[in-house]
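Below you'll find the structure, written out as C-alpha coordinates, and then a few comments.
The values are calculated or read from the model by the stated rules, or taken from the named source; none is laboratory data. Since the structure is predicted, the reported quantities are computational estimates derived from the model, not experimental observations. Because the Cβ atoms are built from the backbone with ideal geometry, glycine has one as well, and the counts that use them run over all protein chains shown. The area values use the complete protein model at the heavy-atom level, side chains included, leaving out ligands, DNA and RNA. Shrake-Rupley method; radii C 1.70, N 1.55, O 1.52, S 1.80 Å.
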Amino acid sequence: MIEILLILLSTIIFFVIGFIPFDKFLVNSNNISFIDKRVFNLLSFLTLLLILNLIGIKLQYIINLFYILLAITFVFYFTKIKYIKFNIKNIIIFILLFTLTFVISINVAYSPELAWEAQTTWIEKTIPLIYGEGLESLKQNPAPELPFLFPIIWSFFWKLINIEYEYLGRLIIICIYLYSIFSLIDLLKCNLKNKIILFLLIFLLTFKVNGFQGDLDIINFSFILIGSKYLYIINT
(Lines give C-alpha, C1' and ligand atoms only; values in the text may rest on other atoms or scores of the structure.)
Protein backbone atom coordinates (compact mmCIF):
# COMPACT_ATOMS: atom_id res chain seq x y z
CA MET A 1 0.00 0.00 0.00
CA ILE A 2 2.84 2.39 0.88
CA GLU A 3 4.54 1.73 -2.45
CA ILE A 4 1.33 2.42 -4.38
CA LEU A 5 0.95 5.75 -2.57
CA LEU A 6 4.58 6.58 -3.36
CA ILE A 7 4.01 5.71 -7.01
CA LEU A 8 0.93 7.95 -7.05
CA LEU A 9 2.95 10.75 -5.44
CA SER A 10 5.70 10.22 -8.03
CA THR A 11 3.22 10.44 -10.89
CA ILE A 12 1.72 13.63 -9.48
CA ILE A 13 5.19 15.18 -9.17
CA PHE A 14 6.12 14.26 -12.74
CA PHE A 15 3.00 15.92 -14.11
CA VAL A 16 3.27 18.96 -11.83
CA ILE A 17 6.74 19.55 -13.27
CA GLY A 18 5.08 19.77 -16.67
CA PHE A 19 3.16 22.78 -15.36
CA ILE A 20 6.16 24.72 -14.01
CA PRO A 21 5.73 27.82 -16.19
CA PHE A 22 9.04 27.82 -18.07
CA ASP A 23 6.95 28.22 -21.23
CA LYS A 24 6.04 31.77 -20.18
CA PHE A 25 9.56 32.79 -21.23
CA LEU A 26 8.74 31.79 -24.81
CA VAL A 27 7.59 34.30 -27.40
CA ASN A 28 3.95 33.65 -28.36
CA SER A 29 3.58 30.91 -25.74
CA ASN A 30 -0.19 31.17 -26.10
CA ASN A 31 0.12 29.68 -29.59
CA ILE A 32 1.84 26.54 -28.32
CA SER A 33 -0.27 23.42 -27.81
CA PHE A 34 -1.06 22.02 -24.37
CA ILE A 35 1.14 18.94 -24.87
CA ASP A 36 4.07 20.95 -26.26
CA LYS A 37 4.00 23.23 -23.22
CA ARG A 38 4.15 20.21 -20.92
CA VAL A 39 7.06 18.72 -22.87
CA PHE A 40 8.90 22.05 -22.95
CA ASN A 41 8.46 22.58 -19.20
CA LEU A 42 9.59 19.04 -18.38
CA LEU A 43 12.68 19.28 -20.61
CA SER A 44 13.47 22.73 -19.22
CA PHE A 45 13.41 21.32 -15.71
CA LEU A 46 15.71 18.44 -16.67
CA THR A 47 18.05 20.96 -18.30
CA LEU A 48 18.02 22.99 -15.09
CA LEU A 49 18.93 19.82 -13.15
CA LEU A 50 21.87 19.28 -15.49
CA ILE A 51 23.09 22.87 -15.16
CA LEU A 52 22.86 22.85 -11.36
CA ASN A 53 24.92 19.65 -11.24
CA LEU A 54 27.47 21.02 -13.69
CA ILE A 55 28.09 24.06 -11.50
CA GLY A 56 28.57 21.81 -8.48
CA ILE A 57 25.34 22.25 -6.50
CA LYS A 58 24.80 19.29 -4.18
CA LEU A 59 21.71 17.13 -4.61
CA GLN A 60 20.07 18.11 -1.31
CA TYR A 61 20.32 21.80 -2.20
CA ILE A 62 18.84 21.04 -5.63
CA ILE A 63 15.90 19.30 -3.94
CA ASN A 64 15.42 22.34 -1.69
CA LEU A 65 15.43 24.58 -4.78
CA PHE A 66 12.84 22.28 -6.33
CA TYR A 67 10.50 22.80 -3.36
CA ILE A 68 10.89 26.56 -3.80
CA LEU A 69 10.15 26.19 -7.51
CA LEU A 70 7.00 24.21 -6.69
CA ALA A 71 5.87 26.91 -4.27
CA ILE A 72 6.39 29.58 -6.94
CA THR A 73 4.43 27.46 -9.42
CA PHE A 74 1.46 27.07 -7.07
CA VAL A 75 1.46 30.80 -6.32
CA PHE A 76 1.63 31.57 -10.06
CA TYR A 77 -1.40 29.44 -10.88
CA PHE A 78 -3.32 30.56 -7.80
CA THR A 79 -3.00 34.20 -8.88
CA LYS A 80 -4.08 33.27 -12.43
CA ILE A 81 -6.91 30.92 -11.50
CA LYS A 82 -9.63 33.38 -12.51
CA TYR A 83 -8.20 33.55 -16.03
CA ILE A 84 -7.48 29.86 -16.59
CA LYS A 85 -9.75 28.31 -19.22
CA PHE A 86 -10.24 24.58 -18.91
CA ASN A 87 -10.30 22.73 -22.22
CA ILE A 88 -12.01 19.34 -22.22
CA LYS A 89 -9.62 17.97 -24.86
CA ASN A 90 -6.61 18.92 -22.76
CA ILE A 91 -8.20 17.37 -19.68
CA ILE A 92 -8.75 14.10 -21.59
CA ILE A 93 -5.11 14.08 -22.75
CA PHE A 94 -3.92 14.76 -19.21
CA ILE A 95 -6.05 11.99 -17.69
CA LEU A 96 -4.92 9.52 -20.36
CA LEU A 97 -1.21 10.20 -19.88
CA PHE A 98 -1.48 10.38 -16.09
CA THR A 99 -3.38 7.08 -15.87
CA LEU A 100 -0.97 5.26 -18.20
CA THR A 101 2.03 6.58 -16.29
CA PHE A 102 0.55 5.39 -13.00
CA VAL A 103 -0.41 1.93 -14.33
CA ILE A 104 2.96 1.34 -16.02
CA SER A 105 4.72 2.51 -12.85
CA ILE A 106 2.87 -0.13 -10.83
CA ASN A 107 3.99 -2.78 -13.36
CA VAL A 108 7.59 -1.60 -12.99
CA ALA A 109 7.24 -1.79 -9.20
CA TYR A 110 6.14 -5.43 -9.42
CA SER A 111 9.22 -6.18 -11.51
CA PRO A 112 11.85 -3.73 -10.26
CA GLU A 113 14.88 -5.65 -11.52
CA LEU A 114 17.62 -3.68 -13.23
CA ALA A 115 18.90 -4.50 -16.69
CA TRP A 116 22.50 -5.73 -16.97
CA GLU A 117 23.86 -2.39 -18.19
CA ALA A 118 22.00 -0.56 -15.43
CA GLN A 119 23.48 -2.91 -12.79
CA THR A 120 27.03 -2.64 -14.06
CA THR A 121 27.15 1.00 -15.17
CA TRP A 122 24.27 3.37 -14.55
CA ILE A 123 23.45 2.63 -10.93
CA GLU A 124 27.16 2.87 -10.12
CA LYS A 125 27.07 6.39 -11.50
CA THR A 126 23.84 7.26 -9.70
CA ILE A 127 24.65 6.15 -6.13
CA PRO A 128 27.49 8.66 -5.54
CA LEU A 129 25.16 11.51 -6.54
CA ILE A 130 22.53 10.22 -4.10
CA TYR A 131 25.03 10.57 -1.25
CA GLY A 132 26.06 14.09 -2.10
CA GLU A 133 29.12 13.55 -4.27
CA GLY A 134 29.59 15.72 -7.34
CA LEU A 135 30.04 14.84 -10.99
CA GLU A 136 33.79 14.62 -10.47
CA SER A 137 33.25 11.39 -8.56
CA LEU A 138 31.87 9.75 -11.71
CA LYS A 139 35.35 9.71 -13.23
CA GLN A 140 36.14 6.86 -10.83
CA ASN A 141 33.10 4.84 -11.90
CA PRO A 142 32.73 2.36 -14.76
CA ALA A 143 32.77 3.87 -18.27
CA PRO A 144 33.54 7.48 -17.22
CA GLU A 145 33.21 8.58 -20.85
CA LEU A 146 29.46 7.91 -20.90
CA PRO A 147 27.00 10.82 -20.50
CA PHE A 148 25.76 11.61 -17.00
CA LEU A 149 22.34 13.16 -17.62
CA PHE A 150 20.51 9.92 -16.81
CA PRO A 151 22.28 9.39 -13.45
CA ILE A 152 21.48 13.01 -12.59
CA ILE A 153 17.78 12.49 -13.33
CA TRP A 154 17.68 9.10 -11.60
CA SER A 155 19.43 10.33 -8.44
CA PHE A 156 17.19 13.40 -8.13
CA PHE A 157 13.87 11.56 -8.23
CA TRP A 158 15.22 8.61 -6.24
CA LYS A 159 16.21 10.83 -3.31
CA LEU A 160 13.29 13.23 -3.70
CA ILE A 161 10.57 10.60 -3.35
CA ASN A 162 11.93 7.78 -1.19
CA ILE A 163 15.50 6.55 -1.01
CA GLU A 164 14.36 3.05 0.06
CA TYR A 165 12.83 2.30 -3.36
CA GLU A 166 15.36 2.68 -6.14
CA TYR A 167 12.87 2.19 -8.97
CA LEU A 168 10.97 5.37 -8.02
CA GLY A 169 13.88 7.37 -9.42
CA ARG A 170 13.50 5.97 -12.93
CA LEU A 171 9.71 6.16 -13.27
CA ILE A 172 10.14 9.63 -14.80
CA ILE A 173 11.24 7.83 -17.97
CA ILE A 174 7.67 6.57 -18.38
CA CYS A 175 6.32 10.11 -18.32
CA ILE A 176 8.92 11.30 -20.86
CA TYR A 177 8.17 8.29 -23.09
CA LEU A 178 4.41 8.91 -23.14
CA TYR A 179 4.79 12.65 -23.63
CA SER A 180 7.15 12.10 -26.56
CA ILE A 181 4.73 9.82 -28.41
CA PHE A 182 1.74 12.11 -27.96
CA SER A 183 3.82 15.17 -28.81
CA LEU A 184 4.78 13.65 -32.16
CA ILE A 185 1.20 12.61 -32.92
CA ASP A 186 0.04 16.11 -32.04
CA LEU A 187 1.53 17.22 -35.37
CA LEU A 188 -1.32 15.49 -37.19
CA LYS A 189 -4.30 17.58 -38.19
CA CYS A 190 -7.00 15.19 -37.05
CA ASN A 191 -9.50 15.01 -34.23
CA LEU A 192 -8.61 13.98 -30.69
CA LYS A 193 -10.22 10.55 -31.03
CA ASN A 194 -7.95 9.63 -33.95
CA LYS A 195 -4.91 11.02 -32.16
CA ILE A 196 -5.64 8.88 -29.12
CA ILE A 197 -6.15 5.76 -31.26
CA LEU A 198 -2.83 6.34 -33.04
CA PHE A 199 -1.12 7.10 -29.74
CA LEU A 200 -2.35 3.85 -28.21
CA LEU A 201 -1.30 1.93 -31.32
CA ILE A 202 2.27 3.28 -31.19
CA PHE A 203 2.31 2.71 -27.45
CA LEU A 204 1.29 -0.95 -27.81
CA LEU A 205 3.88 -1.48 -30.56
CA THR A 206 6.77 0.04 -28.62
CA PHE A 207 5.98 -0.66 -24.96
CA LYS A 208 7.92 -3.26 -22.98
CA VAL A 209 8.10 -3.29 -19.20
CA ASN A 210 11.78 -4.29 -19.35
CA GLY A 211 12.41 -1.06 -21.23
CA PHE A 212 12.21 0.71 -17.87
CA GLN A 213 14.82 -1.38 -16.08
CA GLY A 214 17.43 1.35 -15.98
CA ASP A 215 19.07 1.33 -19.39
CA LEU A 216 18.85 4.14 -21.94
CA ASP A 217 16.89 2.62 -24.83
CA ILE A 218 13.52 4.15 -23.97
CA ILE A 219 14.81 7.55 -22.94
CA ASN A 220 16.93 7.76 -26.11
CA PHE A 221 13.89 6.74 -28.16
CA SER A 222 11.82 9.44 -26.45
CA PHE A 223 14.37 12.20 -27.05
CA ILE A 224 14.67 11.14 -30.70
CA LEU A 225 10.89 11.45 -31.11
CA ILE A 226 10.85 14.88 -29.52
CA GLY A 227 13.86 16.03 -31.53
CA SER A 228 12.36 14.69 -34.76
CA LYS A 229 9.18 16.67 -34.20
CA TYR A 230 10.97 19.97 -33.75
CA LEU A 231 13.36 19.33 -36.64
CA TYR A 232 10.26 18.80 -38.79
CA ILE A 233 8.71 22.04 -37.51
CA ILE A 234 11.91 23.99 -38.16
CA ASN A 235 12.15 22.68 -41.73
CA THR A 236 8.52 23.28 -42.70
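Residues are listed down the side, and each one gets a yes or a no for (1) at pLDDT 85 or above; (2) open to solvent by 50 Å² or more (accessible area, probe 1.4 Å); (3) in a helix (DSSP H, G or I):
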{"site": "Phe157", "(1), (2), (3)": "yes, no, yes"}
{"site": "Leu160", "(1), (2), (3)": "yes, no, yes"}
{"site": "Glu164", "(1), (2), (3)": "no, yes, no"}
{"site": "Gly169", "(1), (2), (3)": "yes, no, yes"}
{"site": "Tyr179", "(1), (2), (3)": "yes, no, yes"}
{"site": "Ile196", "(1), (2), (3)": "yes, no, yes"}
{"site": "Phe199", "(1), (2), (3)": "yes, no, yes"}
{"site": "Lys229", "(1), (2), (3)": "yes, no, yes"}
{"site": "Tyr232", "(1), (2), (3)": "no, yes, yes"}
Residue satisfying condition, being more than 16 Å from Leu171 (Cα to Cα) and either in a helix (DSSP H, G or I) or open to solvent by 60 Å² or more (accessible area, probe 1.4 Å) (or both), within set Leu48, Leu6: Leu48
Look through Lys85, Lys24 and report the one residue that is within 28 Å of Phe199 (Cβ to Cβ), open to solvent by 60 Å² or more (accessible area, probe 1.4 Å) and in a loop (DSSP other than H, G, I, E, B). Lys85
Name, by its number, the condition in (1) touching a helix residue (DSSP H, G or I) at 6+ places or on another chain (Cβ under 7 Å); (2) of a type outside the set (Asp, Glu); (3) over 22 Å from Phe102 (Cβ atoms); (4) in a helix (DSSP H, G or I) that does not hold for Gly132. (4)
Filter pass, Ile123 being β-branched (Val, Ile, Thr), surrounded by 15 or more Cβ atoms within 10 Å (Cβ to Cβ) and either in contact with a Ser or Thr (Cβ under 8 Å, 6 or more places away or on another chain) or more than 14 Å from Gly169 (Cα to Cα) (or both): no
Count of residues meeting criterion [among the aliphatic types (A, V, I, L, M) and either open to solvent by 30 Å² or more (accessible area, probe 1.4 Å) or in contact with an Asp or Glu (Cβ under 6 Å, 6 or more places away or on another chain) (or both)] in segment 27-45: 4
Does Tyr61 fit the bill of being farther than 25 Å from Asp215 by Cα, among the aromatic types (Phe, Trp, Tyr) and modelled with pLDDT under 85? no
Of (1) touching a helix residue (DSSP H, G or I) at 6+ places or on another chain (Cβ under 6 Å); (2) in contact (Cβ under 8 Å) with a residue 40 or more places away in the chain; (3) not charged (D, E, K, R), Ile4 satisfies every one except (1)
